[in-house]
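Inspection log for the structure reproduced underneath, given as structure tokens.
The values are calculated or read from the model by the stated rules, or taken from the named source; none is laboratory data. Please read all numbers here as calculations on a predicted model, not as lab measurements. Cβ atoms come from the backbone with ideal geometry, glycine included; neighbour counts cover every protein chain shown.
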Amino acid sequence: MLDKQTIPALEEALEQLECQFATLPAGVGQALPPASPESLSSVLGEVAERLGENYPYFHPLYAGQMLKPPHPVARAAYALATWINPNNHALDGGRASTAMEREAVAQIAAMFGWDTHLGHLTGGGTMANLEALWVAGQLHPGKKIAASAQSHYTHQRISGVLRLPFEKVATDMRGRIDPAALERMLAAGDIGCVVATLGTTATGSVDPLPEILALRERYHFRLHIDAAYGGYFKLAGNLEADTRAAFDLTAEADSIVIDPHKHGLQPYGCGCVLFRDPAAGVLYKHDSPATYFTSEQLHLGEISLECSRPGAAAVALWATMRLLPLTQGSTFAQSLEACRRAALELNRRLAADPRFIVPFQPQLDIVVWAHRTKSSEEIFQQAALRNLHLAKARLPGSFFGLPQEELLALRSVLMKPEHEQWLDRIWEILDQVSN
Ligand SMILES: Cc1ncc(COP(=O)(O)O)c(C=O)c1O
């Protein structure tokens, strides 16, 4: 069940790596104090025991939160890099992995339609959004950040940390920014940055970028795209027309966040922030006496708020994209299309079954629904007893055409392409626990 095929390849690559340092005297690089094979095995055995307490995130019957196993090549490349343990805080701390980070980030920027950019990896989407909003705040000091009522909760918190005023924009019945509501807010003249989410956390809704860009023509705000979850769907060939229209316009944003540790097959933490205008680098300027510069270009430590960052994350991402390039029609793109098909099919079955209420057709691969008479909590627990792991989400009653302000719905993030093949099994369990 757990992939072990990469272990021989990892051993081989490790030998190859060691050969490159063959001129060094032997005997260094040992862990201190040296551990006996028995004590190592014993501790690792304990770790394996403890890890078994997790839900089986890697299995297709885990159909709950946004959790996706890393690609085996990412896992192996990450592990391989830890033997060197590069730090991408500065060029001299992670020489090779810095170059790999630059190449990987440039490919992501190209996917969004940018030939030039400024960008780097971060610990995750929250840190990446923090950097984007920090830049927005410096360029529009004192002005508000506006993000949809369905945007990730951290936008409001980040704005608080940055001491920037924050306002929520109402959504339509599909959880997308309502352009009329946004325009009413913009008319007050105090919004410096609008966050458009391409793939909201709860429902995978995609904000209407064409309408938001039309408003930018008139109100001149900065546009940040939070595509932490949905960004890679830019490559999917089976989006509905208005979702596609939003993804087609990503190049118009001022900054974009995407999380390779969500749909990009990476281990945690791997987020990415991108700025369209490389001049944003000026805002990061610092003059730490301990950091010396070995490049004409701004190095990654100079354009990131975090100092130490795992070179291993860059190595893993680079290796994954080498194997699975970010192109339309590729194996990678097809895997996203499979996730979306799985979501559409689950949604179709739910919508056709009178026991359930579904609010709307998924825009990406996240499905939400409620049972007409049973509580979501009960279904969640009963399904888990049969190994089907769902998630729950508090959503506006209006999404479901219900009068109450909020309801606890069931939610399934079908982000593993295998979910498509497992849908009958998932449905069988859901059917049993919903009677
Ligand atoms: C749309 C969106 N933005 C930001 C985040 C935060 O990302 P992270 O958990 O990597 O910090 C999430 C996480 O689910 C998200 O869905």
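General remarks:
- Top-ranked residue of the range 243-277 - restricted to ones that are over 29 Å from residue 311 (Cα atoms) and aliphatic (A, V, I, L, M), ranked as nearest to the ligand (Cβ to nearest atom): 246
- Residue check, residue 370 in contact with a Leu (Cβ under 9 Å, 6 or more places away or on another chain), assigned to a helix (DSSP H, G or I) and surrounded by 18 or more Cβ atoms within 10 Å (Cβ to Cβ): no
- Test: residue 302 is within 16 Å of the ligand (Cβ to nearest atom) and either at pLDDT below 95 or not aliphatic (A, V, I, L, M) (or both): no
- Residues considered: 345, 428, 405, 418. Of these, the only one that is touching a residue at least 12 places away in the same chain (Cβ under 8 Å) and over 23 Å from the mean Cα position of the chain (by Cα) is 345.
- Some residue of the range 192-200 being more than 16 Å from the ligand (Cβ to nearest atom) and either within 17 Å of residue 145 (Cβ to Cβ) or buried (at least 24 other Cβ atoms within 10 Å of the Cβ) (or both): yes
- Neighbours by Cβ (under 7 Å, 6+ apart or cross-chain): first from the range 306-335, on the phi > 0 side of the Ramachandran plot; second in a helix (DSSP H, G or I): none
- Qualifying residue in the range 139-155 (condition: among the aliphatic types (A, V, I, L, M), crowded, with 19+ Cβ neighbours inside 10 Å and modelled with pLDDT under 95): no
- Checked against (1) in contact with a strand residue (DSSP E or B) (Cβ under 9 Å, 6 or more places away or on another chain); (2) of a type in the set (A, V, I, L, M, F, W, C); (3) closer than 25 Å to residue 334 by Cα, residue 407 passes all but condition (3).
- Residue within the range 43-52 that is at pLDDT 95 or above, closer than 30 Å to residue 340 by Cα and under 21 Å from the mean Cα position of the chain (by Cα) present: no
- Single match in 314, 343 (criterion: in contact with a helix residue (DSSP H, G or I) (Cβ under 6 Å, 6 or more places away or on another chain) and aliphatic (A, V, I, L, M)): 314
- Failed condition for residue 350, given (1) part of a loop (DSSP other than H, G, I, E, B); (2) buried (at least 17 other Cβ atoms within 10 Å of the Cβ); (3) of a type in the set (A, V, I, L, M, F, W, C): (1)
- Meets criteria (in contact with a Cys (Cβ under 8 Å, 6 or more places away or on another chain) and modelled with pLDDT of 80 or more) for residue 279: no
- Of the strands (runs of 3 or more DSSP E) lying entirely inside the range 62-175, those containing at least 2 residues that are in contact (Cβ under 8 Å) with a residue 24 or more places away in the chain and within 16 Å of the ligand (Cβ to nearest atom) are 118-122, 144-148.
- Checked against (1) surrounded by fewer than 23 Cβ atoms within 10 Å (Cβ to Cβ); (2) more than 16 Å from the ligand (Cβ to nearest atom), residue 182 passes all but a single condition, namely (1).
- When residues in the range 213-242 are screened for being within 16 Å of the ligand (Cβ to nearest atom), closer than 25 Å to residue 368 by Cβ and aliphatic (A, V, I, L, M), 3 of them pass.
- A single member of 65, 107 is of a type in the set (S, T, N, Q), at pLDDT 95 or above, closer than 16 Å to residue 418 by Cα and under 17 Å from the mean Cα position of the chain (by Cα), and it is 65.
- The condition of being within 23 Å of the chain's Cα centre (by Cα) and either surrounded by fewer than 24 Cβ atoms within 10 Å (Cβ to Cβ) or over 30 Å from residue 434 (Cβ atoms) (or both) holds for residue 304.
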